[in-house]
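Student: Here it is, the structure in full.
The values are calculated or read from the model by the stated rules, or taken from the named source; none is laboratory data. Since the model is a prediction, treat every value here as computed from it, not as a measurement. FYI the Cβ positions are ideal-geometry reconstructions off the backbone, even for glycines, and counts take in every protein chain you see.
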């Protein structure tokens, strides 16, 4: 806990990521835990060669969705954001637990439609709902816990980026919430599996909190810095550079490749879109943006925080 905080300090003062760091420092794990807190999913050794991935995500009414939004899209997003986390680790999603908090006045038809949407989304991506829980709450809360799997040598962490690695994203960024794309994005499982099969990224994360914020997580875990090229960052129609850098909820994959693998990827024809946007350099978590004139500006890797 930061020195300026005391027992009367609020969670807002500590901050979401300060809270996460506190948990990391004050918990212990068993020897089978390959990676605990600090990545898109926890990694557990199942056998000598096989790993299971565990992730969870909570959606709250009036924060991540509103009841005016199509129920099918709310259910889709609840499942898809977790699938995106598994993809960001290089894994394949397998099993889902759904916990739902709803007001007692909620219409049963609404809940049935929500579960049907989640069930259909699970089937679409080769997963299945296997259980969960339901409670009464003041607002609707949807919490998903997901298990995925991967071979030991296919796991991608945030901590592997090295100087001279190149930085890529799998799609255009910005205006996701404004356009409604945050309810209909496609988790990049196929792209992830293609990458781990033919290239093995050195680090990877999904862009949920914004390009700069999520790149910042890679830089922090890898103990490096980065330069992004402004004119190379792919943007959605009408999205500004600031939208692409900070908006979040894009759920594209942000990954790094060695210089050699980067050359290979850019020379071959692939079934997917991979956009080179910059490179990793020596440093301690700084992000620089290079404009068309070659001028570098130092940007803060800030991202969305809940507190």
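Student: Please go through segment 95-112 and pick out each residue that is surrounded by fewer than 18 Cβ atoms within 10 Å (Cβ to Cβ) and in contact (Cβ under 8 Å) with a residue 12 or more places away in the chain.
Tutor: Within segment 95-112, 95, 97, 99, 103, 104, 106, 110 meet the criteria.
Student: Quick one: residue 132 ticks every box in (1) on the phi > 0 side of the Ramachandran plot; (2) exposed (fewer than 15 other Cβ atoms within 10 Å of the Cβ) bar one, so which box is it?
Tutor: (2)
Student: Output yes when any residue across segment 169-187 is closer than 30 Å to residue 227 by Cα and assigned to a strand (DSSP E or B), and no when none is.
Tutor: Looking through segment 169-187, at least one residue is closer than 30 Å to residue 227 by Cα and assigned to a strand (DSSP E or B).
Student: Okay, moving on. Filter segment 178-193 down to residues that are under 12 Å from residue 89 (Cα atoms) and in contact with a helix residue (DSSP H, G or I) (Cβ under 6 Å, 6 or more places away or on another chain) and give me whichever is surrounded by the most Cβ atoms within 10 Å (Cβ to Cβ).
Tutor: 192
Every residue, every condition in (1) assigned to a helix (DSSP H, G or I); (2) touching a helix residue (DSSP H, G or I) at 6+ places or on another chain (Cβ under 8 Å); (3) modelled with pLDDT under 95, yes or no:
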residue	(1), (2), (3)
226	no, yes, no
260	yes, no, no
269	no, no, yes
280	no, yes, no
288	no, no, no
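Student: Related question: Filter segment 1-36 down to the residues that are part of a loop (DSSP other than H, G, I, E, B), modelled with pLDDT of 70 or more and within 25 Å of residue 52 (Cα to Cα) and list them by number.
Tutor: Within segment 1-36, 26, 27, 29, 30, 31, 32, 36 qualify.
Student: Pick out the one residue from 79, 86, 71 that is buried (at least 21 other Cβ atoms within 10 Å of the Cβ) and touching a helix residue (DSSP H, G or I) at 6+ places or on another chain (Cβ under 7 Å). Show your work before the answer.
Tutor: Details: 86 fails: touching a helix residue (DSSP H, G or I) at 6+ places or on another chain (Cβ under 7 Å); 71 fails: buried (at least 21 other Cβ atoms within 10 Å of the Cβ).
Answer to the check: 79.
Student: If you go through segment 45-53 one residue at a time, do you hit one that is outside the structural domain of residue 257 (by TED's automatic domain parsing), more than 29 Å from residue 154 (Cα to Cα) and surrounded by fewer than 20 Cβ atoms within 10 Å (Cβ to Cβ)?
Tutor: Taking every residue of segment 45-53 in turn, none turns out to be outside the structural domain of residue 257 (by TED's automatic domain parsing), more than 29 Å from residue 154 (Cα to Cα) and surrounded by fewer than 20 Cβ atoms within 10 Å (Cβ to Cβ).
Student: Looking only at segment 259-305, which residues are free of Cβ contacts under 8 Å to residues at least 12 places away in the same chain and either touching a strand residue (DSSP E or B) at 6+ places or on another chain (Cβ under 7 Å) or on the phi > 0 side of the Ramachandran plot (or both)?
Tutor: Of everything in segment 259-305, those that are free of Cβ contacts under 8 Å to residues at least 12 places away in the same chain and either touching a strand residue (DSSP E or B) at 6+ places or on another chain (Cβ under 7 Å) or on the phi > 0 side of the Ramachandran plot (or both) turn out to be 266, 294, 297.
Student: Tell me which residues, restricted to segment 87-106, are under 24 Å from the mean Cα position of the chain (by Cα) and either in the same structural domain as residue 206 (by TED's automatic domain parsing) or in a loop (DSSP other than H, G, I, E, B) (or both). Spell out the reasoning first.
Tutor: The first filter runs over segment 87-106 and keeps only residues under 24 Å from the mean Cα position of the chain (by Cα), leaving 87-101.
Within segment 87-106, 89, 90, 91 meet the criteria.
Student: Determine which single condition residue 196 fails, assuming it passes every other condition in (1) modelled with pLDDT of 95 or more; (2) surrounded by fewer than 16 Cβ atoms within 10 Å (Cβ to Cβ); (3) assigned by TED's automatic domain parsing to the domain that holds residue 256; (4) in a helix (DSSP H, G or I).
Tutor: The single condition residue 196 does not satisfy is (2).
Student: Within segment 116-130, is even one residue under 19 Å from residue 192 (Cβ atoms), in a helix (DSSP H, G or I), within 15 Å of the chain's Cα centre (by Cα) and at pLDDT 95 or above? Walk me through it before giving the result.
Tutor: Quick first cut of segment 116-130, residues under 19 Å from residue 192 (Cβ atoms) only: 121-122, 124-127.
With the extra rule that they be in a helix (DSSP H, G or I), the set shrinks to 121-122, 124.
Restricting the remaining residues to those that are within 15 Å of the chain's Cα centre (by Cα) gives none.
No, that holds for no residue.
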